[in-house]
Amino acid sequence: MIAQTPPMGWNTWNTFANDINDELIRQTADAMVELGYRDAGYEYVVIDDCWSLKERDYTTGRLVPDPQKFPRGMSDLADYIHSKGLKFGMYSCAGVRTCAGYPSSFDHEYEDARTFAEWGVDLLKYDFCNFPNYANNKNRYLTMSMALRSTGREIVFSGCNWGRGDPWNWMRSIGAHMYRSTHDINDSYASMADILTSQLPNLNANAAGCFNDLDMLTVGMHGKGHVGLENCTTDDEYVTEFVFWCLAGSPLMMGGDIRSLDERSRKLLQNRELIRINQDAECRPAYQANGTTKDFPILIRMLSGGEFALAFFNLKDADRQLEIAFPDIGVPYSSGVGIDLTDILTGAHIGIRRDDMRLVVPAHGTRIFRAKLITL
Ligand code: GLA
């Protein structure tokens, strides 16, 4: 069984786009191990678009890794990644060309799936550019899903059709393990907040085996790389991003250059408490508390062992007092039960509260608590 909890790993696109090669992938695999990412749970090393030659091999019809970028071929690279205790991800597209104009798998689904399986691929990201008008979105994702299954190799199928045709309603049924639900992220607060708010209504489709993918994380990019911007996300905004991705049960695919991320970003990406929420075995979706809005959502997420997480988000540009009345999360005063809270980001034990919780959340910021019910 694969993807029983949200897949975690790293993907080339956000930082490197076309500028990828064998050495970069090996160095990143080394960094995953040496800098503690693997031990924190990150597993997949994923090569996104731009890895192949611009045409298939004329005689065999197969996709060909660009020999300048990947002189040792993909099987050799897969072996290296596997030798580090990691898994290997690759990329293709449901259309006739990938988004960057490389050959992709429309009408080649079965031969390409066999090629990926032969190379030792453990995850396939499957994009949606250059998709013929007459073709059927669901049917083509189903076809690749079947093609991957026919290989006999367990391969995580990562559908990436940017939310077209409401994938939260069908990607699970066609066999995908994760699906992109939005436009591409870039390293700005506006892009991240837009993804966050747009998916608040779609979180409840998450369950073991298939997860809503909010896109690769930008944490630690600080404006560098392909989706980097001059007016980039700040450290505090990265916290909001990571907390939400964890709480929402999104796959956690890092997009920064993890060989050289700053210490604060590395610690955030390796925050054991937040990852524990994301990877909770029950895989319950987060629940938006009654009456809270998309600008100031308050979410709870039930966790195994009787605990839950309680998070407050302020997505607007000024500090704001947020408040939750405990009956709105199912714990009225008459219950005789209080909520014992610990601040996950600071580690501070807040103690037991009854009735309600009121706190100031800084602009673009978040507060998240681990919570236990205590009978008084
Ligand atoms: C699309 C996807 C991105 C990335 C690029 C590659 O835009 O949504 O995540 O894979 O294609 O070209």
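The values are calculated or read from the model by the stated rules, or taken from the named source; none is laboratory data. For clarity, every value in this text was computed on a predicted model and none was experimentally measured. All Cβ positions, even for glycine, are placed from backbone atoms using ideal geometry, and neighbour counts span all protein chains on display. Only protein heavy atoms, including side chains, enter the accessible area calculation; ligands, DNA and RNA are left aside. Shrake-Rupley method; radii C 1.70, N 1.55, O 1.52, S 1.80 Å.
A few notes on this one:
- Considering only the chain, percent of DSSP beta bridges that pair antiparallel, nearest 5: 60
- Counting only residues at least eight positions apart within a chain, or on another chain, the lysines with an alpha carbon under 16 Å from that of LYS69 are LYS54.
- Apolar share of the accessible surface for the chain: 48 percent from carbon plus sulfur atoms, 1.4 Å probe.
- Accessible surface for the range 85-173, divided over its residues, is 39 Å² per residue with a 1.4 Å probe.
- Rounded if a/c under 1.5, otherwise prolate or oblate - the range 89-133, Cα gyration tensor axes: prolate
- By the Cβ rule of 4.7 Å, the chain holds the following cysteines without a possible disulfide partner: CYS50, CYS93, CYS160, CYS210, CYS232, CYS246, CYS283.
- Test item: Cα-centred dipole of the chain, Lys/Arg +1 and Asp/Glu -1 on Cβ, debye: 740
- Value at 222 nm in deg cm²/dmol, rounded to 500, when DSSP H runs of n ≥ 4 in the chain each add -39,500 (n - 2.57): -7500 deg cm²/dmol
- Percent RCO, i.e. relative contact order, over the chain, from Cα pairs under 8 Å lying at least 6 residues apart: 14
- Qualifying GluC sites (Glu not before Pro) in the range 227-283, where qualification requires a DSSP coil assignment and no more than 12 other C-beta atoms within 10 Å, comprise GLU230, GLU282.
- Cα Rg, Dmax, the chain, angstrom units: 21.2, 75
- Positive-end extreme of charge dipole, the chain - chosen from SER335, VAL121, ILE298 (charges on Cβ): SER335
- Accessible surface calculations at 1.4 Å, restricted to protein heavy atoms, place the range 1-71 at 41 Å² per residue.
- Fluctuation leader among PHE70, PHE88, PHE312 - the chain, Gaussian network, Cα springs under 10 angstrom: PHE70
- Estimated FRET transfer efficiency when R0 is 41 angstrom, pair ALA135-ASN18 (beta carbons, to 0.05): 0.95
- Residue ranking by accessible heavy-atom surface, 1.4 Å probe, largest first, among TYR179, TYR134 comes out as TYR134, TYR179.
- Of PRO103, PRO362, PRO327, the one that fluctuates the most in a GNM where the chain has Cα springs shorter than 10 Å: PRO327
- Only beta bridges with both residues in the range 71-203 are counted; by DSSP, about 10 percent of them are antiparallel.
- Choice from THR218, THR197, THR233 showing the highest fluctuation, given a GNM over the chain with Cα pairs closer than 10 Å: THR197
- Annotation: amide H of PHE211 within the under-5 Å range of MET178, TYR179, sequence separation 5 or more or interchain, hydrogens built in the peptide plane.
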